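Everything on this sheet refers to the single structure shown next.
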Amino acid sequence: MGLIDKITNIFKKSPKIHYAKSKKVDVFELNKHPHYIVASVELGNTTTKSIITGTNMDTGTTYLMGKCVKMTRDVRPPKKGEKIFGKTLWGVELTKEAVSEMVKSVLEGAIKDAGIKKEELHFVVRSTGVTAGFASPEEITNMIIALADGCLKANISPSKMAPAMTKNQLPKPFDKYSLMDKVIFDGAVTGVVPPTGKECVANEMEGELVTAGIKVGAKWTEMDFRNPCMSIDFGTTLAGRITNDNLPYANVVGNLCGLAGAIADAIVRGSGLVDKNKGAAIDIMKEGGKINKEIAEKYANEAHKYIIIKEVPLNVNRFGTVPVVPESAKKSGTTLIGCDVGENGSDIPKLEEIGKKIIEESNIPTLLYTLDLVSSEITKRLVKLAYDKNILTNKTAVGITGRAGITGEKPKLIIEKLGELNIWDKPEDNVVFIEDGLALGSSIMARCMNCLGTPKNPIGGNRGTPCILGERRKLQKSKGMIR
């Protein structure tokens with residue numbers, strides 16, 4: 001960078017970052033308006049958490065009420081006679097009994113944090129990000145059963161884990177907010193229909209939830225994050241979707257899978273600052289010190305020599321350690337985009353070596369900034385590939401959630417990197433960062449299944465357009481689904 005460039009950068013205005021932090025609801029607001037209260041329960045590769053949200057049914061705004069987070073590595077070991085049905089990306093073995101105990105613990109912890117009674121919960125949504133250690137997408141069923149069992153152990157009624165069949169089955173006063181007498185739940189969540197045919201990636205549901213959750217979280221910002229959109233969840237494994245702008249329902253034209261936060265975890269494990277086997281980037285305590293950007297850029301570039309981002313080949317059943325069915329994706333017209341390190345994580349030791357070098361040559365702030373650079377470049381490569389495949393356009397909004405995508409300097413760097421692609425005139429007007437995307441997705445999933453829409457503040461439909469309720473009714477009437 002020359003002297004003129006440095007002087008220009010001093011006076012360059014930083015782009016506005018649309019960043020939605022979870023907002024808490026106060027007791028006064030909770031008593032003033034009916035709030036539909038939903039608990040999400042997720043067991044991921046790194047964390048297991050339960051988050052309780054409340055949606056103001058008069059405004060459609062969703063708030064955080066309580067949260068409980070534990071490390072998945074602390075799931076107790078299998079006891080004698082228990083059947084191991086899978087393991088996390090980092091090798092933690094899972095049994096139905098152990099998972100259900102962890103789920104019960106985090107759910108009860110979230111309820112306590114929210115300051116509510118179990119009876120005040122209206123719905124519970126279960127999901128998992130642990131897909132890498134499973135043999136096939138079908139084996140996710142075992143995990144979902146274990147999650148349900150944990151909810152039952154926490155004395156959650158089965159009726160709160162399944163949608164109502166009629167308005168009369170909904171608790172008062174939410175029956176009057178339901179649109180069941182106008183439309184039926186036909187599988188579309190936030191105006192997107194799922195791909196047809198066999199599940200093409202093991203974390204399909206996770207992609208659906210984060211896409212919906214980012215749409216909900218974006219309501220806290222000035223940005224309209226609706227279809228067409230691309231969601232990117234930087235959990236330990238990568239999840240997300242790309243939708244088109246069809247009406248009344250958009251189609252899924254792209255799915256994301258592979259490794260994400262695991263890349264950052266691998267780099268920090270090599271640094272020696274965390275446990276070599278079960279440590280994660282979130283274990284590192286920030287400390288003062290000057291960032292050596294030259295070293296960070298050098299090693300971020302080196303890391304990307306091993307990071308592979310491409311369309312998932314048809315002849316594989318795993319990509320980035322995640323079970324996939326590429327043939328199914330092809331048949332449904334969905335492009336499957338994956339992120340890997342070598343082949344199914346084979347080059348993770350190379351990333352660990354990079355972490356070691358960074359700490360030998362510099363400090364913790366430089367290490368963390370390197371992670372920011374790595375994630376921002378991953379985002380750029382994912383978006384560029386989607387653009388090159390003609391499934392993303394300058395009308396597409398990009399939403400990012402997950403620990404390895406929204407922390408530190410990542411938002412600023414991601415906007416800068418996406419600006420280099422020249423897809424949008426102002427990338428900052430088309431990119432949003434959301435905390436707790438998966439939990440927010442659970443809140444809207446529950447509402448969609450019970451037709452608890454807010455037409456005045458729509459989440460379905462396209463950017464800049466009104467509610468799609470009328471078009472949904474027209475479509476369902478034409479198919480004989482409603483009268």
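In debye to the nearest 20, how big a dipole does the range 35-183 give about its Cα centre with +1 on each Lys and Arg Cβ and -1 on each Asp and Glu Cβ? The partial results should precede the final answer.
On the way: 21 positive and 16 negative charges, 48 e Å.
That gives a dipole near 220 debye.
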Rounded if a/c under 1.5, otherwise prolate or oblate - the range 267-318, Cα gyration tensor axes: oblate
Base-10 log of normalised Debye intensity for the range 211-325 (one unit scatterer per alpha-carbon) at q = 0.15, 0.22, 0.24 Å⁻¹: -0.92, -1.23, -1.29
Rel. contact order, % - alpha carbon contacts under 8 angstrom, at least six apart, the range 178-332: 23
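Out of all DSSP beta bridges with both ends in the chain, state the antiparallel percent to the nearest 5.
Values: 38 of 64 bridges.
In the chain, approximately 60 percent of DSSP beta bridges are antiparallel ones.
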Distribution of pairwise C-alpha distances over the range 325-483, 5 Å bins, in %: 1, 7, 11, 13, 16, 17, 14, 9, 5, 4, 2, 1, 1, 0, 0
Peptides 151-159, 233-241, 76-84, 37-45 ordered by average Cβ neighbours within 10 Å, highest first: 233-241, 37-45, 151-159, 76-84
Mean Cα-pair separation over length for the range 381-483, i.e. relative contact order, pairs under 8 Å, 6 or more apart, %: 21
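Which entries in 219/417; 356/410; 117/410 show an alpha-carbon gap greater than 31 Å? Intermediate values should be presented prior to the final figure.
Details: 219/417 25 Å; 356/410 22 Å; 117/410 38 Å.
Beyond 31 Å: 117/410.
On average, how much accessible surface per residue is there in the chain, in Å², for a 1.4 Å probe, leaving out ligands, DNA and RNA? Mind dumping the intermediate values first?
Details: 20610 Å² over 483 residues.
Accessible area per residue: 43 Å².
Let me check I've understood the local charge: for residue 123, count other residues with C-beta under 12 angstrom from its C-beta, Lys and Arg +1, Asp and Glu -1. What total comes out? Walk me through the intermediate numbers first.
Details: positive: 126, 160, 447; negative: 120.
Net local charge, residue 123 excluded: +2.
If you average 1/r across every pair of different Cα atoms in the chain and take the reciprocal, what Kirkwood value do you get, in Å? All intermediate terms of the calculation are to be shown ahead of the outcome.
Numbers: mean 1/r = 0.0437 Å⁻¹.
Final number for the Kirkwood radius of the chain is 22.9 Å.
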Two-site label geometry, residue 69 and residue 275: point separation in nm, points 7 Å out along Cα→Cβ: 1.7
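When the gyration tensor of the range 261-369 is built from Cα positions, what are the square roots of 5 times its three eigenvalues, in whole Å, from largest to smallest?
On the way: eigenvalues 204, 37, 26 Å².
One finds semi-axes of 32, 14, 11 Å for the range 261-369.
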Net charge of Cβ neighbours under 11 Å - reference residue 207; Lys, Arg +1; Asp, Glu -1: -4
Listed peptides 427-436, 330-339 by packing density, highest first (mean Cβ within 10 Å): 427-436, 330-339
Dimensionless Rg ratio for the range 149-282, taking C-alpha atoms and the 2.2 N^0.38 Å reference: 1.35
Neighbour net charge for residue 177 - beta-carbon separation under 10 angstrom, K R +1, D E -1: +1
Distance between modelled label sites at residue 168 and residue 21, nm, 7 Å Cα→Cβ extension: 4.8
For the range 179-240, diffusion coefficient by Stokes-Einstein and Kirkwood Rh (Cα), 4 °C, 1.567 mPa s, µm²/s: 99
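Among the listed pairs 293/350; 21/118; 160/278; 21/412; 49/278, which have their C-alpha atoms separated by more than 23 angstrom in this model? Can you show the working numbers first?
Numbers: 293/350 21 Å; 21/118 26 Å; 160/278 35 Å; 21/412 16 Å; 49/278 18 Å.
Pairs exceeding the cut-off: 21/118; 160/278.
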Residues listed by number, the range 318-343, amide nitrogen under 18 Å from residue 304 label point at 7 Å toward C-beta: 338-342
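Which of the three applies to the range 85-241, rounded, prolate or oblate, going by the alpha-carbon gyration tensor with a ≥ b ≥ c and a/c under 1.5 meaning rounded?
Oblate, because a/c is 1.5 or more while a/b does not exceed b/c.
For the chain, which whole-number percentage of the solvent-accessible area (1.4 Å probe, protein heavy atoms only) is attributable to carbon and sulfur atoms? Spell out each step's value before the answer.
Working: 10490 of 20610 Å².
Heavy-atom surface of the chain belonging to carbon and sulfur, 1.4 Å probe: 51 percent.
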Relative contact order (percent, whole number), the chain, Cα cutoff 8 Å, 6+ residue spacing: 21
Cα-projected label distance for residue 290 with residue 58, points at 7 Å along beta-carbon direction, nm: 5.6
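The values are calculated or read from the model by the stated rules, or taken from the named source; none is laboratory data. All of these numbers come straight from a predicted model, not from anything done at the bench. All Cβ positions, glycine included, derive from the backbone under ideal geometry; neighbour counts span all protein chains shown. Calculation scope for accessible area: heavy atoms of the full protein, side chains included, ligands and nucleic acids excluded. Shrake-Rupley method; radii C 1.70, N 1.55, O 1.52, S 1.80 Å.
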